[in-house]
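I have placed the structure first, in the form of structure tokens, so that the comments after it can refer back to it.
Please treat every number below as a calculation from the coordinates, not as lab data. As the structure is a computational prediction, the values presented were derived from the model and not from experiment. Glycine gets a Cβ as well: all are built from the backbone with ideal geometry, and neighbour counts include every protein chain shown.
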Amino acid sequence: MVSRHIALGVLVATSLVAAQQASAVVVNINNATLDSPLQVNVGNSSDNDVTSFGYNGGFGHGGGYNYGVQRGSPTNQYAYLSDAPVGSYLTQTLGDTIVGGATYTLSGDIGSATFGAGSIEVYDTTLNVQILDTGSQSGAFATYGDTFVAPVGSNGNGLEIRLYSTSFTGGEAIYANQANFDNLSLNYAVPEPASLSVLGLAVTGLMARRRRA
């Protein structure tokens, strides 16, 4: 009897691992690397070159704001947002919708200049709630991320990614100076149906044997 319970326990554990092993589906972010097309270093309130993102915010330090792309090398560009009020952001509405029950993974590079800081966030646009957030980051470029399990009831809701200018202690704390962003990534995974079926059978069998015991 003990050996049968052990065997069923192993089956349940194996099924749990299999259920978690699902291939990732990439959510399309237009111009996620900011490298296409390569452009000159310009960007201000009247002439910006981040055509894949819009700006949401007001006028900041010096009565304006700046955003666009800059070149970190001859073939690498990154987005920036500077001199804007804290809480301003670059935004892109994504073509994909939320898959209820899926596990979402957000990743992206964030850096800053002077007193700047930034965060990468994803919103459920149907409910207007934040679902993913890297947290406010500053300093040299580094990769940050977050994960989120979408409720089944959110299936089909809209998605939006935001590149935020966030507050940071310093001489110009009321304005976030320059925040930089690059290599944006969002994907999701759902458990394989076959694995979930095996898991259900294993749990049912274990419960039946416990009742007979």
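Tell me, what HN-Hα J-couplings in whole Hz come from the Karplus equation 6.51 cos²θ - 1.76 cosθ + 1.60 at θ = phi - 60° for each residue of the range 104-114, using x for Gly and Pro?
9, 10, 9, 8, x, 9, 10, x, 8, 10, 6
Nearest 0.05, what FRET efficiency do Thr114 and Asn30 give at R0 = 41 Å with Cβ-Cβ as r?
Efficiency, from the Cβ-Cβ distance: 0.90.
Gln130: net charge of surrounding residues, Cβ under 13 Å, Lys/Arg +1, Asp/Glu -1, itself excluded?
-4
Ranked from highest to lowest mean number of other Cβ atoms within 10 Å per residue, what is the order of the peptides 129-135, 143-149?
Going from most to least packed, we get 129-135, 143-149.
Quick check: net charge around Asp96, other residues with Cβ under 13 Å of its Cβ, Lys/Arg +1 and Asp/Glu -1?
Taking every Cβ under 13 Å from that of Asp96, the sum is -2.
Counting only other residues whose beta carbon sits under 10 Å from that of Gly158, what net charge do I get with K and R as +1, D and E as -1?
-3
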